[in-house]
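Notes to accompany the following structure.
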Amino acid sequence: MHEFTKITEQPSKYRHLENMPIGELLTNINNEDKTVPYAVEKAIPQIKRLVGAITDKMLAGGRLFYIGAGTSGRLAVVDASECPPTYGVPYGLVIAVIAGGDEAIIKAIEKAEDSFEQGWIDLQEHNINTKDVVVGIAASGTTPYVIGALAECQRRGITTGCITNNPGSPLTDVADFPIECEVGPEFVTGSTRMKSGTSQKLILNMISTTVMIQLGRVEDNKMVNMQLTNEKLIDRGTKMIMDKIGLTDYEEAKELLLQYGSVKKAVDNYKLKK
């Protein structure tokens, strides 16, 4: 791996945290957190290029993969797992692969991220192919598990992207569409679950939301394809139907929703019958 400045490991600009009053600790953490959206803003041109590539691939029948370790992997799991209930897409369209497998979601798996070969092995379980896009996530940009996976994807002609917090890191060398979000040193030196993790969460939100909108999973500003997994979502969907087709009867709208399973299908079928 080539030499570069590992900003995520640089010393915190705050000293002797153990001596700070609670209020001062919270204020300083918050002040650091406030800088993250501005760092993300600078990366929007890179995010735009990756989103465009993902959208093109998914419109042609491909899938989106995230791959990461530790905090990055867990954030990937959160984003991928929320796409089906939010946008009504099938499970298996957006897939998160985390070093150490499902067990690593809730506890650290020692040395899971250190294997250069395991990432590609894990991707192969999903029959990955050139229709797909793989986005590697690593704050440091040096995680062997992620780099190895993307390197093999590139070798096989599979489109790659990455999200990292160290510009010029080895991870960017194996990403066709790199996103480099420089958030600076962490409040607790090297604790990348803080600002780096926050930036990754924001960027993942931007990627999946924008892609799903491009795929037609949102109408106006509504989640018309959301899964009806609880009463809150059923109530929300019922009110969407009332708003979209001008129904004043809540129970009638709810019946339509439950009959057809989504706001979009309920509205489309209602209009057809009219």
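The values are calculated or read from the model by the stated rules, or taken from the named source; none is laboratory data. No experiment lies behind these values; they were computed from the predicted model shown. FYI the Cβ positions are ideal-geometry reconstructions off the backbone, even for glycines, and counts take in every protein chain you see.
Quick one: is Phe177 modelled with pLDDT of 90 or more, surrounded by 16 or more Cβ atoms within 10 Å (Cβ to Cβ) and within 28 Å of Asp132 (Cα to Cα)? The answer is yes for Phe177. What is the residue count in the stretch 1-34 for residues that are in contact with a helix residue (DSSP H, G or I) (Cβ under 8 Å, 6 or more places away or on another chain), closer than 22 Å to Ile163 by Cβ and surrounded by 13 or more Cβ atoms within 10 Å (Cβ to Cβ)? Qualifying residue count for the region: 4.
Residues that are of a type in the set (A, V, I, L, M, F, W, C) and more than 22 Å from Ser81 (Cβ to Cβ) were ranked within the stretch 46-69; the one that is surrounded by the fewest Cβ atoms within 10 Å (Cβ to Cβ) is Ala60.
Specify which of the listed residues (Thr142, Thr130, Thr159, Thr164) is under 20 Å from Ala80 (Cβ atoms) and in contact with a Lys or Arg (Cβ under 8 Å, 6 or more places away or on another chain).
Working: Thr142 fails: under 20 Å from Ala80 (Cβ atoms); Thr130 fails: under 20 Å from Ala80 (Cβ atoms); Thr164 fails: in contact with a Lys or Arg (Cβ under 8 Å, 6 or more places away or on another chain).
Being under 20 Å from Ala80 (Cβ atoms) and in contact with a Lys or Arg (Cβ under 8 Å, 6 or more places away or on another chain) holds for just one of Thr142, Thr130, Thr159, Thr164, which is Thr159.
Of the residues making up the stretch 84-133, those that are without any contact (Cβ under 8 Å) to a residue 12 or more places away in the chain and closer than 30 Å to Arg236 by Cα are Pro90, Tyr91.
Only one residue in Ser191, Ser208, Ser169 is among the polar types (S, T, N, Q), under 19 Å from the mean Cα position of the chain (by Cα) and at pLDDT 95 or above. Which one?
On the way: Ser191 fails: under 19 Å from the mean Cα position of the chain (by Cα); Ser169 fails: under 19 Å from the mean Cα position of the chain (by Cα).
Step by step, each of Ser191, Ser208, Ser169 is checked, and only Ser208 is among the polar types (S, T, N, Q), under 19 Å from the mean Cα position of the chain (by Cα) and at pLDDT 95 or above.
From the list Met226, Met206, Met242, which one is touching a residue at least 60 places away in the same chain (Cβ under 8 Å) and either surrounded by fewer than 16 Cβ atoms within 10 Å (Cβ to Cβ) or outside the structural domain of Ala108 (by TED's automatic domain parsing) (or both)? Don't jump to the end; show me each part of the working.
On the way: Met206 fails: either surrounded by fewer than 16 Cβ atoms within 10 Å (Cβ to Cβ) or outside the structural domain of Ala108 (by TED's automatic domain parsing) (or both); Met242 fails: touching a residue at least 60 places away in the same chain (Cβ under 8 Å).
Criteria check complete, one pass: Met226.
Just so you know, in the stretch 243-255 the residues that are at pLDDT below 90 and hydrophobic (A, V, I, L, M, F, W, C) include one that is nearest to Glu82 (Cα to Cα), and it is Ile245. The helices (runs of 4 or more DSSP H) found wholly in the stretch 124-222 include none carrying at least 3 residues that are at positive phi. Filtering Ala43, Ala80 for residues that are within 21 Å of Ile158 (Cβ to Cβ) and assigned by TED's automatic domain parsing to the domain that holds Glu180 leaves a single hit, Ala80. Annotation: of all residues in the stretch 245-274 being without any contact (Cβ under 8 Å) to a residue 12 or more places away in the chain and among the charged types (D, E, K, R), the one that is surrounded by the most Cβ atoms within 10 Å (Cβ to Cβ) is Lys265. Applying a threshold of 8 Å to beta carbon distances and a minimum spacing of six or more residues, or different chains, the list of pairs starting in the stretch 13-37 at a residue that is over 14 Å from Met194 (Cβ atoms) and ending at one that is modelled with pLDDT of 95 or more reads Met20/Tyr14; Met20/Asn28; Pro37/Leu202.
Looking only at residues in the stretch 107-121 that are within 21 Å of the chain's Cα centre (by Cα) and in a loop (DSSP other than H, G, I, E, B), the one that is surrounded by the most Cβ atoms within 10 Å (Cβ to Cβ) is Ala108.
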